[in-house]
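Input: a single structure, listed below in C-alpha cells.
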Amino acid sequence: MGKLQDKVAVITGGVSGIGAATARLFAAEGAKLVLADFNEEKGASFKAELESEGAEAVFVKADVTNEADVKNIYDTALSTFGKVDILFNNAGIGSVKPTEELTYAEWRKTVEVDLDGVFLVAQAAIKEFLKSGGGVIVNTASMYGWVGSPGSAAYNAAKAGVINLSRSLGLEFAERNIRVNALCPGFIETPILGETDRKFLTNATPMKRLGKSEEIAKAVLFMASDDSSFMTGNSIIVDGGYTAQ
Ligand SMILES: NC(=O)c1ccc[n+]([C@@H]2O[C@H](COP(=O)([O-])OP(=O)(O)OC[C@H]3O[C@@H](n4cnc5c(N)ncnc54)[C@H](O)[C@@H]3O)[C@@H](O)[C@H]2O)c1
C-alpha cells in the first residue's frame, strides 16, 4: 500500500518542474491528482502521460491569483473525486531585476502570484478541511525565504512571507487536524531558472550541483504523508547546503 493510498491531492503548478515530479511520486504512492495550472497545453499532455502510466488525474486550468479559478479547483476536485486530503501549494514565478529598475507593477505581480496566490489556495483548502475533518498543506517557499540575495527583492520577500504564513496557519489550525508546512528548495533544475547561468548557481551551491525535482518531491511526500504526523508550522530546506554557509 502506498503512503498516500486513495488520498486526493491538489497540486498547483502541478504540470512542470517540482510540481510535476511530485505529481508522479504522489501517484506512485497511490494518490489521485488534481493538477491546477494556467498552462493548459502542458496540463493536457502531462495528464495524458500520467494516465498512460495508470494514474488517476484531472487537470484544471487555473490562475492561483483568481478567486473564481481557485474555487473551481476545489469544485472540480470534489465533483471528480469527492474529497480533498492534501494541498501542494506550489505555483510560483521567478523575478530577478535590480531594485532600482523594478516597477511597482512588477513587484505587485511577483507578490500576487508567490504570496497572495499561496494564501488564496490555502484558504480555500482550509475551508474544505474544516468541513471534512482535516487535511495537509505544503506551501512552496524557497531557501530565499530564509536568506537574501541581490536583485530578487520581490521574490525573496514573498517567499519569506510564505514561510511565516505557514507558521501562522500551522498554529491557527494545530488543534483542528490541519497541518501546514513549507518547502524551501535551493537551486533546482526546472524551467523557472530560465536563462540564469547554471555555472554560477552550481558554484554557489556547496554540493556543486543543482538539485533535481525528484529530490524535492521526496521532501514534499514526507510533509504530505503521515510520516510527518507531528510536524506543523515549520519548514524543510533542501538546498545542497546553501543556507548552511
Ligand atoms: N527551481 C528552483 O530553483 C526553485 C527554488 C526555490 C523555490 N522554487 C519554487 O518552486 C515552485 C515550483 O517552481 P518550479 O521550479 O517547478 O518551476 P516551473 O516553472 O517548472 O513550475 C511553476 C509552475 O507554476 C505555474 N504557474 C505560475 N504562475 C501561475 C499562476 N498564477 N497560476 C497557476 N499556475 C501558475 C507555471 O505554469 C508552472 O507550471 C515555485 O513556487 C518556485 O518559486 C523553485
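For the range 173-198, a tally of residues being exposed (fewer than 14 other Cβ atoms within 10 Å of the Cβ) and in a helix (DSSP H, G or I) returns 5. Scanning the range 83-96 for residues that are open to solvent by less than 70 Å² (accessible area, probe 1.4 Å) and either within 12 Å of the ligand (Cβ to nearest atom) or within 15 Å of Ala158 (Cα to Cα) (or both) yields Phe88, Asn89, Asn90, Ala91, Gly92, Ile93, Gly94, Ser95. Checking each residue in the range 22-45 for being more than 7 Å from the ligand (Cβ to nearest atom) and open to solvent by 10 Å² or more (accessible area, probe 1.4 Å) picks out Arg24, Leu25, Ala27, Ala28, Glu29, Gly30, Lys32, Glu40, Glu41, Ala44, Ser45. Within the range 222-245, residues that are at positive phi sit with their Cβ atoms under 6 Å from residues that are in a helix (DSSP H, G or I) and open to solvent by less than 40 Å² (accessible area, probe 1.4 Å), at 6+ positions apart or across chains, in these pairs: Gly233/Gly170. Screening the candidates Val162, Val238, Val138, Val220 for the property of being within 12 Å of the ligand (Cβ to nearest atom) and closer than 25 Å to Glu101 by Cα yields one hit, Val162. When you scan the range 12-25, do you find a residue that is touching a residue at least 40 places away in the same chain (Cβ under 8 Å), among the charged types (D, E, K, R), out of contact with any strand residue (DSSP E or B) (no Cβ under 7 Å at 6 or more places or on another chain) and under 19 Å from Asn89 (Cα atoms), even just one? Yes - at least one qualifying residue is present in the range 12-25.
Can you find a residue in the range 222-240 that is touching a strand residue (DSSP E or B) at 6+ places or on another chain (Cβ under 7 Å), open to solvent by less than 40 Å² (accessible area, probe 1.4 Å), of a type in the set (A, V, I, L, M, F, W, C) and in a helix (DSSP H, G or I)? Checking the range 222-240: at least one residue is touching a strand residue (DSSP E or B) at 6+ places or on another chain (Cβ under 7 Å), open to solvent by less than 40 Å² (accessible area, probe 1.4 Å), of a type in the set (A, V, I, L, M, F, W, C) and in a helix (DSSP H, G or I).
The residues in the range 199-209 that are in contact (Cβ under 8 Å) with a residue 24 or more places away in the chain, open to solvent by 30 Å² or more (accessible area, probe 1.4 Å) and within 13 Å of the ligand (Cβ to nearest atom) can be counted, and the count is 1. Of all the numbered requirements in (1) among the acidic types (Asp, Glu); (2) touching a residue at least 24 places away in the same chain (Cβ under 8 Å); (3) open to solvent by 60 Å² or more (accessible area, probe 1.4 Å), Glu101 misses one, and that requirement is (2). Within the range 153-163, being over 15 Å from the mean Cα position of the chain (by Cα) and either part of a strand (DSSP E or B) or surrounded by fewer than 21 Cβ atoms within 10 Å (Cβ to Cβ) (or both) holds for Ala153, Ala157. Being open to solvent by less than 40 Å² (accessible area, probe 1.4 Å) and out of contact with any helix residue (DSSP H, G or I) (no Cβ under 6 Å at 6 or more places or on another chain) is not true of Thr80. Please work out which one of (1) within 14 Å of the ligand (Cβ to nearest atom); (2) under 14 Å from the mean Cα position of the chain (by Cα); (3) part of a helix (DSSP H, G or I) is the condition Tyr144 fails and give its number. Condition (2) is where Tyr144 drops out.
Hey, any hits in the range 211-220 for a residue that's over 15 Å from the mean Cα position of the chain (by Cα), under 24 Å from Val8 (Cβ atoms) and open to solvent by 40 Å² or more (accessible area, probe 1.4 Å)? No.
The values are calculated or read from the model by the stated rules, or taken from the named source; none is laboratory data. Every value quoted in this text rests on a predicted model; they were computed, and no experiment measured them. Reconstructed Cβ throughout: ideal geometry from the backbone, glycine too, with neighbour counts over all protein chains shown. These accessible areas exclude ligands, DNA and RNA; they are computed on the full protein's heavy atoms, side chains included. Shrake-Rupley method; radii C 1.70, N 1.55, O 1.52, S 1.80 Å.
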